[in-house]
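None of the figures in this text is laboratory data; all of them are computed from the coordinates on show. Note that this is a predicted model, so its numbers are computed, not measured. Here the Cβ positions follow ideal geometry from the backbone for every residue, glycine too, while neighbour counts run over all protein chains shown.
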Amino acid sequence: MSIKVYETGALIRAAGAFTDVDGVTAIDPTTITIRFIDPAGTATAWLFGTDSEVIRDSVGNYHADIPVSLPGVWRYRWEGTGAAIAAGEGQFRVQDSRFS
């Protein structure tokens, strides 16, 4: 599996999708959180309905745009609780721009 690479200063879209236990029907969890950790180890959590960065695209489908300013590996995790209990993680790498 290859890891996507972006430049510092980019806005990276992280998508999260939630389905029923059979993985067939899209469903909205009661609570949705996206957490991410930058290469320096700083952790951030955004909550749907509280933080405007978490957007509902359609039933069960969400995204958040993460501004990246540090080079290195970034990690993120979507979590759903209540009506749909699920979690999924991803990562991407950011490299310094040659123009910085």
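Points to keep in mind about this one:
- A straight line joining the Cα centroids of region 76-98 and region 52-74 runs 8 Å.
- Simple label model, 7 Å out from Cα along Cβ direction - Ala83 to Ser69, nm: 3.6
- For Rg/Rh (Cα atoms, Kirkwood Rh), the candidate list reads (1) 1.08; (2) 1.14; (3) 1.01; the entry that matches the value derived from this model is (3).
- For region 14-31, the Karplus equation 6.51 cos²θ - 1.76 cosθ + 1.60, evaluated at θ = phi - 60°, returns couplings of 9, 9, x, 10, 10, 10, 5, 5, 7, x, 9, 9, 5, 8, 8, x, 5, 10 Hz by residue, with Gly and Pro reported as x.
- Charged side chains reduced to their Cβ positions (Lys and Arg at +1, Asp and Glu at -1) give the chain a dipole of some 320 debye around its Cα centre.
- The stretch between Phe99 and Ser52 holds 13.9 nm of extra length on full extension. This uses 0.36 nm per residue minus the Cα-Cα distance.
- Taking the chain and dividing mean pair separation by its residue count, relative contact order in percent (alpha carbons under 8 Å, at least six apart): 38
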